[in-house]
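Scroll down for the structure; my scribbles are underneath it.
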Amino acid sequence: MASVSSYSLATETAESVNNTGTVIDGSLTTLEVKGQTYRNTATKTQLDPEETPQAISVVTQDELQQRGIESVAEAVRYTAGINTELRGGAVTRLDFFNIRGFENDKAYYDGLQLLYNDWNLQPQIDMAAVEQVEVFKGPTSTLYGAMPPGGMVNLIGKAPQADSEHSIDVALGSDNKRETQIDSTGAIKHNLNYRVVGLLRQKDGQAVTSEEERIMIAPSIDWKISDDTMLNLNLYYQKDPSMGVYSSLPSKGTVYDNINGTLSSDSYAGDSNWETYDRDVLLLGYKLDHNLNNTWRFLQNARFTTAKAYQENTYSTSLDNDERTLNRRAYLTDEKSEGINIDNQFSGVFDIGDAEHNVLVGVDYLKLKSDILYEDAAAPSIDLYNPDHQQIISSSLDFAASGYSSDFTINKEQTGVYLQDQIRLDQWVLIAGGRYDQFKATEKGRKYGAATNTEVDQSQFSGRVGALYEFDNGLAPFVSYAQSFEPITGSDRNGNTFDTSTADQREAGLKYTRRNMTASATAFEIIKSKVLTRDPNGSAYDKIQVGKVRSRGIELELQQAITADVTVKAAYTLQDVEVTKDNSGIEGNTPIWVPEKQFNAWLSYVPTEGNLTGASFGAGVRYVGQMQLDAANSNTVPSFTLVDLSIGYDLSKLSAQWQGASVKFSMSNAFNDTYYSCYDASNCWFGDERSFEISGRYEF
């Protein structure tokens with residue numbers, strides 16, 4: 001669950017009683033006013049995740065630190081229902097995952113969507129600036145608008161604290177990794193707290209010749225203007241001069257046998273003379289939290305985004321019969337984005353009779369403008385088994401002859417109005433909400449050599465209801481129903497614009513909470529409708545909107561302190577995802593990147609007495625079942641099992657002079673197992689190679 005300062009900035013709790021009678025069903029009742037509202041990702045209210053009638057998973061700061069996490073994919077890889085192994089280990093410039101069988105590239109940061117232009121310019125938040133990660137499973141449109149139906153990931157940023165805390169981290173690791181982090185927080189004066197988080201990182205990418213580099217700074221201030229008003233000002237700036245590669249490899253030589261042998265996991269199909277990804281992202285935001293009276297509170301969460309990315313890259317067109325000569329094209333993109341998010345929330349907590357109501361009324365707005373320049377040209381082929389990565393001469397690329405030149409602007413705009421009532425009645429927790437969205441988008445200019453002028457204007461209502469009952473023994477069964485939507489651009493061959501794609505989820509589960517144990521078991525079914533599929537009466541490029549995808553599954557999660565020293569966290573996923581209606585010959589097939597089974601477990605041992613006091617040990621195992629190679633289900637990508645390790649030590653246990661100093665060693669894929677992911681037979685990626693880091697931390 002999110003800390004209070006992450007959403008609703010900390011103020012004193014106020015409780016009072018309004019003695020004015022309210023007539024309900026002919027009887028006189030008392031309206032009792034409750035205290036400060038608490039906001040979490042799943043409800044935007046004070047309800048804790050374990051009390052929420054929908055599946056939620058939380059990755060804490062302790063977990064992030066122990067496992068040495070750098071990316072969102074690494075953060076959620078031990079969470080049920082999520083597959084993060086989509087684009088392999090060499091591709092790190094996008095946060096891209098699959099939740100409950102549906103692809104998702106829309107991450108959230110402190111409750112607001114990171115504005116992505118659907119091309120190559122996606123803002124990424126470095127995990128050094130993140131306090132914890134919250135995963136909200138299933139449809140989330142009732143609170144957040146247009147979203148894929150599988151769920152969402154919300155990154156909770158590190159917030160200012162009143163207590164003075166400072167740390168410096170230095171790390172060295174595999175792939176020539178060098179990294180420095182700083183984190184400083186405290187009080188400037190009694191009503192003003194600050195926090196500054198910074199990072200410098202350089203390393204070699206997994207693919208040969210590639211590099212990764214990042215500079216990040218994230219300052220923020222909490223200003224307690226009065227007893228009733230708190231203002232948070234925050235900035236996040238990130239510069240990525242280089243972010244590895246984006247090119248893929250053919251399935252022959254990776255997943256399949258190749259007459260020339262198996263490719264190495266650091267293989268690269270691109271050209272170092274034409275391999276650039278330079279990204280700048282600036283986020284400017286504020287949160288205004290104001291206590292209107294003893295009943296109602298107002299929170300405004302807003303952010304301005306400006307970003308740009310320049311890319312030079314190659315992609316493959318075919319593999320020759322010799323199974324080693326890969327034919328390629330070179331392209332560049334120059335992208336710029338500006339956007340704004342604003343979420344206005346009015347929340348009130350009060351009692352009517354025996355029922356406690358937590359009412360939420362909100363209006364949010366999102367706008368993004370992105371300019372995109374794209375150029376494409378023929379490039380020399382490459383011998384994958386004797387590669388020359390310095391063949392391309394930029395001045396010789398003939399972009400004018402390709403016919404793919406593009407220069408266009410994308411505009412997106414979403415306005416949503418939502419209402420939610422969360423009711424407590426004895427041991428029951430009931431929740432009901434609805435939202436109406438208006439989504440508009442345009443694409444104008446020249447795209448792939450032809451004029452483009454498309455418009456989308458779609459509206460949609462989304463709702464959800466849920467109920468949970470809390471037994472005294474810690475058990476809490478729940479049921480829920482939720483809806484989501486995704487706008488669809490384009491039109492059919494008759495010029496009729498497409499409707500919004502919608503999805504419905506039915507979910508039932510059981511949560512268990514005790515002092516040393518939390519556990520959950522969830523069963524769900526999601527049906528996504530109005531999916532684009534081939535028009536049987538048109539050309540290969542004509543689409544109609546009749547497709548359906550069904551996802552069914554079971555998720556189990558457990559976290560238990562076995563002893564005072566030993567804690568285990570485990571997750572299991574069993575899912576059946578199927579295209580249930582289609583005109584392209586794939587009805588009955590499973591989409592790509594969807595393993596039927598996943599299992600992971602992390603064991604943590606932190607001795608509290610004896611000679612090992614001050615040390616910490618962690619070991620994890622991750623199993624991802626086989627996935628389909630392509631949409632046609634022509635073959636499968638093998639399953640894999642990986643092991644991660646972590647060892648830390650508090651140096652103050654050796655000497656009081658080392659107070660605040662600690663060291664840590666972490667390793668991912670400890671046995672260097674080779675594994676893959678694929679989009680189709682022409683586009684596959686090697687998974688992460690074994691990596692490790694040794695870090696030192698000083699807190700003062």
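Out of the residues in the range 261-289 that are touching a Gly at 6+ places or on another chain (Cβ under 8 Å) and either of a type in the set (A, V, I, L, M) or without any contact (Cβ under 8 Å) to a residue 12 or more places away in the chain (or both), which is surrounded by the most Cβ atoms within 10 Å (Cβ to Cβ)?
Here the answer is 263.
Just to be sure I understand, how many residues within the range 568-622 are closer than 18 Å to residue 552 by Cβ and in contact with a helix residue (DSSP H, G or I) (Cβ under 9 Å, 6 or more places away or on another chain)?
Number of matching residues: 0.
Tell me, please, whether a residue that is over 25 Å from residue 363 (Cα atoms) and either among the β-branched types (Val, Ile, Thr) or without any contact (Cβ under 8 Å) to a residue 12 or more places away in the chain (or both) can be found in the range 129-152. Steps first, answer last, please.
Kept after step one, since they are over 25 Å from residue 363 (Cα atoms), are these residues of the range 129-152: 129-132.
Now narrow it down to the ones that are either among the β-branched types (Val, Ile, Thr) or without any contact (Cβ under 8 Å) to a residue 12 or more places away in the chain (or both): 130.
Yes: one or more hits.
State which residue pairs qualify: first residue over 22 Å from residue 651 (Cα atoms) and of a type in the set (Gly, Ala, Ser) and inside the range 597-614, second residue part of a strand (DSSP E or B) and at pLDDT 95 or above in any location, beta carbons under 8 Å apart, and separation of 6 or more residues or different chains.
Cβ pairs passing all conditions: 601/568; 601/569; 601/570; 601/571; 601/620; 601/621.
In the range 376-414, how many residues are out of contact with any Leu (no Cβ under 8 Å at 6 or more places or on another chain) and within 30 Å of residue 461 (Cβ to Cβ)?
Of the residues in that region, 1 qualify.
So in the range 197-231, with the set limited to residues that are of a type in the set (Val, Ile, Thr) and within 23 Å of the chain's Cα centre (by Cα), which one is farthest from residue 91 (Cα to Cα)? I'd like the intermediate steps shown before the answer.
If we filter the range 197-231 for residues that are of a type in the set (Val, Ile, Thr), which is where we start, we get 197, 208-209, 215, 217, 221, 225, 229.
Narrowing further to those that are within 23 Å of the chain's Cα centre (by Cα): 197, 215, 217.
Working: 197: 25, 215: 18, 217: 23 Å.
Filtering first and then ranking leaves 197.
Restricting to the range 640-697, name every residue that is aromatic (Phe, Trp, Tyr) and touching a residue at least 24 places away in the same chain (Cβ under 8 Å).
Just the residues of the range 640-697 that are aromatic (Phe, Trp, Tyr), to begin with: 640, 649, 658, 665, 671, 675-676, 679, 685-686, 692.
The answer is 640, 649, 665, 671, 675, 676, 679, 685, 686, 692.
Considering the range 241-260 alone, what residues qualify as being without any contact (Cβ under 8 Å) to a residue 24 or more places away in the chain and more than 21 Å from residue 630 (Cα to Cα)?
Within the range 241-260, no residue meets the criteria.
Could you check, for the range 232-246, whether at least one of its residues is under 22 Å from the mean Cα position of the chain (by Cα) and assigned to a loop (DSSP other than H, G, I, E, B)? Before the answer, list the steps.
Quick first cut of the range 232-246, residues under 22 Å from the mean Cα position of the chain (by Cα) only: 234-240, 242-246.
Still in the list and also assigned to a loop (DSSP other than H, G, I, E, B): 245-246.
Yes, the range 232-246 contains at least one residue that is under 22 Å from the mean Cα position of the chain (by Cα) and assigned to a loop (DSSP other than H, G, I, E, B).
With assigned to a strand (DSSP E or B) and within 30 Å of residue 263 (Cβ to Cβ) as the only criterion, which of 202, 124 stands out?
On the way: 124 fails: assigned to a strand (DSSP E or B).
The match here is 202.
Sort through 79, 84 and tell me the only one that's modelled with pLDDT of 95 or more and either buried (at least 22 other Cβ atoms within 10 Å of the Cβ) or within 29 Å of residue 665 (Cβ to Cβ) (or both). Please lay out each step first, then the result.
Values: 84 fails: modelled with pLDDT of 95 or more.
79 is the lone residue from the list that is modelled with pLDDT of 95 or more and either buried (at least 22 other Cβ atoms within 10 Å of the Cβ) or within 29 Å of residue 665 (Cβ to Cβ) (or both).
Could you figure out which of (1) out of contact with any His (no Cβ under 9 Å at 6 or more places or on another chain); (2) part of a strand (DSSP E or B) isn't true of residue 424?
Of everything listed in (1) out of contact with any His (no Cβ under 9 Å at 6 or more places or on another chain); (2) part of a strand (DSSP E or B), residue 424 misses just condition (1).
What pairs can you find where one residue is in the range 359-381 and over 26 Å from residue 442 (Cβ atoms), the other is among the β-branched types (Val, Ile, Thr) and buried (at least 18 other Cβ atoms within 10 Å of the Cβ), and their Cβ atoms are less than 8 Å apart, with a gap of 6+ or different chains?
359/349; 360/43; 360/45; 379/314; 379/392; 380/392
If I filter the range 290-308 down to residues being under 26 Å from the mean Cα position of the chain (by Cα) and without any contact (Cβ under 8 Å) to a residue 40 or more places away in the chain, which single residue comes out as nearest to residue 327 (Cα to Cα)? Even if it seems obvious, please write down each step before you answer.
Taking the range 290-308 as the starting set, the residues that turn out to be under 26 Å from the mean Cα position of the chain (by Cα) are 299-308.
Checking which are without any contact (Cβ under 8 Å) to a residue 40 or more places away in the chain leaves us with 304, 306.
Numbers: 304: 42, 306: 36 Å.
The selected residue is 306.
Among the residues of the range 577-615, which ones are surrounded by fewer than 19 Cβ atoms within 10 Å (Cβ to Cβ) and within 22 Å of the chain's Cα centre (by Cα)?
596, 597, 599, 601
Six or more apart or on different chains, Cβ under 6 Å: which pairs go from a residue in the range 404-425 that's under 30 Å from residue 52 (Cβ atoms) to one that's of a type in the set (Val, Ile, Thr)? Could you list them?
If the second residue must be of a type in the set (Val, Ile, Thr), the pairs left are 417/363; 419/361; 421/359; 422/45; 422/431.
Inside the range 205-230, can you point out the residues that are under 30 Å from residue 265 (Cβ atoms) and part of a loop (DSSP other than H, G, I, E, B)? Give the steps one after another, and end with the answer.
Quick first cut of the range 205-230, residues under 30 Å from residue 265 (Cβ atoms) only: 205-216.
Result: 205, 206, 207, 208, 209, 210.
Which of (1) over 11 Å from the mean Cα position of the chain (by Cα); (2) surrounded by fewer than 22 Cβ atoms within 10 Å (Cβ to Cβ) is the odd one out, the single condition residue 104 does not satisfy?
(1)
For the range 339-381, which residues satisfy the criterion of being within 30 Å of residue 402 (Cβ to Cβ) and of a type outside the set (Gly, Ala, Ser)?
Filtering the range 339-381 for residues within 30 Å of residue 402 (Cβ to Cβ) gives 368-381.
If the condition is that a residue be within 30 Å of residue 402 (Cβ to Cβ) and of a type outside the set (Gly, Ala, Ser), then 368, 369, 371, 372, 373, 374, 375, 376, 380 are the ones that fit.
Residues in the range 463-480: is at least one closer than 30 Å to residue 519 by Cα, among the β-branched types (Val, Ile, Thr) and buried (at least 19 other Cβ atoms within 10 Å of the Cβ)?
Within the range 463-480, the subset closer than 30 Å to residue 519 by Cα is 463-480.
Now restrict to residues that are among the β-branched types (Val, Ile, Thr): 465, 479.
Among the residues that remain, those that are also buried (at least 19 other Cβ atoms within 10 Å of the Cβ) are: none.
No, there is no match, as no residue in the range 463-480 is closer than 30 Å to residue 519 by Cα, among the β-branched types (Val, Ile, Thr) and buried (at least 19 other Cβ atoms within 10 Å of the Cβ).
Could you tell me how many of the residues in the range 590-634 are over 27 Å from residue 527 (Cβ atoms) and either of a type outside the set (Val, Ile, Thr) or part of a strand (DSSP E or B) (or both)? Can you show your working first?
Narrowing the range 590-634 to residues over 27 Å from residue 527 (Cβ atoms): 600-623.
If we keep only those that are either of a type outside the set (Val, Ile, Thr) or part of a strand (DSSP E or B) (or both) too, we end up with 600-605, 607, 609-612, 614-623.
Selection size over the range 590-634: 21.
Would you check which residues across the range 399-441 are over 21 Å from residue 499 (Cα atoms), among the polar types (S, T, N, Q) and surrounded by 20 or more Cβ atoms within 10 Å (Cβ to Cβ) and list them? Steps first, answer last, please.
Quick first cut of the range 399-441, residues over 21 Å from residue 499 (Cα atoms) only: 399-409, 418-433.
The next check asks that each one be among the polar types (S, T, N, Q); those that pass are 402, 405-406, 409, 420, 422, 427.
Selection gives 420, 422.
The values are calculated or read from the model by the stated rules, or taken from the named source; none is laboratory data. From a predicted model like this one, the values you see are computed outputs, not experimental measurements. As a convention, Cβ positions derive from the backbone with ideal geometry for all residues, glycine included, and neighbour counts pool all protein chains shown.
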